[in-house]
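The values are calculated or read from the model by the stated rules, or taken from the named source; none is laboratory data. Because the structure is a prediction, the values reported are computed rather than measured. Cβ sites come from the backbone with ideal geometry, for glycine too, and all protein chains shown count toward neighbours. For accessibility, only protein heavy atoms count, side chains too; no ligands or nucleic acids. Shrake-Rupley method; radii C 1.70, N 1.55, O 1.52, S 1.80 Å.
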Amino acid sequence: MENGAAQPVIVAIDGPAGTGKSSTSKAVAAQLGLSYLDTGAQYRAITWWMVNNGIDIDDPSAIAAVAGKPEIVSGTDPADPTITVDGVDVAGPIRTQEVSAKVSAVSAVPEVRSRITELQRSVAAAAKAGIVVEGRDIGTTVLPDADLKVFLTASAEARAARRSGELKGSDVNATREALIKRDAADSGRKTSPLAKADDAVEVDTTELTLAQVIECVVTLVEEKRAGK
Ligand code: DC
């Protein structure tokens, strides 16, 4: 733009667990002065609430009946992303293995998805400079008009090794099995499954460092902004 004022830019970053979505999305947002939204954290937060309130995770109708109850608020500063449920900071509790094991079942329930999708769209619309939104269905369903869509992939081995590094001391094989199970559930569900949008740029991060992935996505955003 001639006056140097950049238009808000919406960037959708999707892909399975362990591909570097969160680290990449936060860094890209910080470098470009954009907001950041971790949609997985929102699904984890609603799952945490269900577990905490004794809802039967194996009963989709029980989950659907209370999907509108918890108030989930996401802070969108990439340097300090926050997540609260009914005013309680749940940034730590949503990362437990129990929540990780149950989140796919909760996030497959259509009433949960429509509720959280609406929330995500309102957060994106409120971001004045633009936003990087990471998840599974952002390019396909939540923000189909995003300016840039990126789909990150990596081999199962690379993803498990990264996740085990994050969850210090955990067994790589067990992590690999858990990731594969969760991806299969996320890709196989009926309502807005994990999928690459037709117009997404696929980046295989298996052989790339985090710095290289960040640089690649920053370049893609800058090219979009320059109208290339
Ligand atoms: O990104 P994550 O691993 O924290 O996501 C946790 C789960 O949330 C993931 O297994 C599936 C669900 N999820 C989803 O269904 N749609 C999204 N846009 C983001 C996450």
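Among the listed pairs K102/K128; K181/K224; K21/K128, those whose Cα-Cα separation exceeds 32 Å are K102/K128; K181/K224.
Are there trypsin sites (Lys or Arg not before Pro) in the range 116-205 that DSSP puts in a loop and that have at most 10 other Cβ atoms within 10 Å, and which ones?
Those satisfying the criteria are K128, K168, K190.
When the alpha carbon gyration tensor of the range 1-80 is reduced to an equivalent ellipsoid, its three semi-axes come out at 33, 14, 11 angstrom, largest first. Skip the ligands, DNA and RNA, and give the accessible area per residue of the chain with a 1.4 Å probe, whole Å². On a per-residue basis, 48 Å². Helical content of the chain, expressed as a calculated mean residue ellipticity at 222 nm, amounts to -14500 deg cm²/dmol (DSSP H runs of 4 or more residues, -39,500 (n - 2.57) each, divided by residue number, nearest 500). Over all Cα atoms in the range 49-133, the spread is summed up by Rg and Dmax: 13.6, 41 Å. A DSSP coil position with no more than 11 other Cβ atoms inside 10 Å describes the following GluC sites (Glu not before Pro) in the range 125-228: E207. With Rh defined as the Kirkwood radius, the inverse of the mean 1/r over Cα pairs, the Rg/Rh of the chain is 0.96. When DSSP beta bridges are restricted to pairs lying wholly in the chain, around 25% turn out antiparallel. The tail of the calculated P(r) for the range 81-183 beyond 16 Å holds 69 percent of all Cα-Cα pairs.
All other residues whose Cβ lies under 14 angstrom from that of D59 are scored, Lys and Arg at +1 and Asp and Glu at -1, for a net of -2.
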